[in-house]
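Below is one structure, written out as structure tokens, with a few remarks after it.
What follows is calculated from the coordinates using simple rules that are stated; it is not laboratory data. Everything quoted here is computed from the prediction, not taken from an experiment. Cβ placement follows ideal geometry from the backbone for every residue including glycine, while neighbour counts extend to all protein chains displayed.
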Amino acid sequence: MLVHLPREEGWRHKGAVKNGPALAGYGAITMKNRLAETMSTLPEQLRRSITWDRGKEMSAHAQFKVETGIPVFFADPHSPWQRATNENGNGLLRQYFPKGTDLSRWSAEDLDAVAHALNTRPRKVLDWKTPAEALDQHLRSSPPTGVASTG
């Protein structure tokens, strides 16, 4: 899932430089709110915890946990292997958005299209299933959280 961050009110829109540095105006509260909103669309068994990187846009993590009940964990500094799936996903996203790309020029619909393309692309690590197929298989095989097994 990709989270579109709208620019916070009060931030001046600057002229975008193609593949230039990211523009300011995407703070921790905006990130917290959009991530909570996005995660609320997931089945409960997929909302048990989240691992964030150590960027300042994640500084509202305590408020996120209080508001959502989702525990937040952090990888150790300079330890990307602790977030291998995320790092792999970032690499795939670089095919669409090279490092330094001004993401403010992309709409939520654009990000949804990229997410769809990535989620319907077969992956070797998933035995050539797509992420969408693997997720569907996982959800069908996992009992819902909080329900006792009868078997």
In the neighbourhood of Arg83 defined by beta carbon distances under 13 Å, the net charge of the other residues (Lys, Arg +1; Asp, Glu -1) is -2
Surrounding net charge for Gln45, when Lys and Arg each add one and Asp and Glu each subtract one, Cβ distance under 14 Å
+1
Under the 0.36 nm per residue contour assumption, what length would be gained going from the current alpha-carbon distance of Phe73 and Glu37 to full extension?
11.1 nm
Distance between modelled label sites at Met1 and Lys65, nm, 7 Å Cα→Cβ extension
2.0 nm
Restricting attention to the range 89-130, which trypsin sites (Lys or Arg not before Pro) occupy a DSSP loop and are surrounded by at most 14 other Cβ atoms within 10 Å?
Arg94, Lys99
Flagged links, alpha-carbon separation over 21 Å, of Lys32/Lys99; Lys56/Lys99; Lys32/Lys65:
Lys32/Lys99
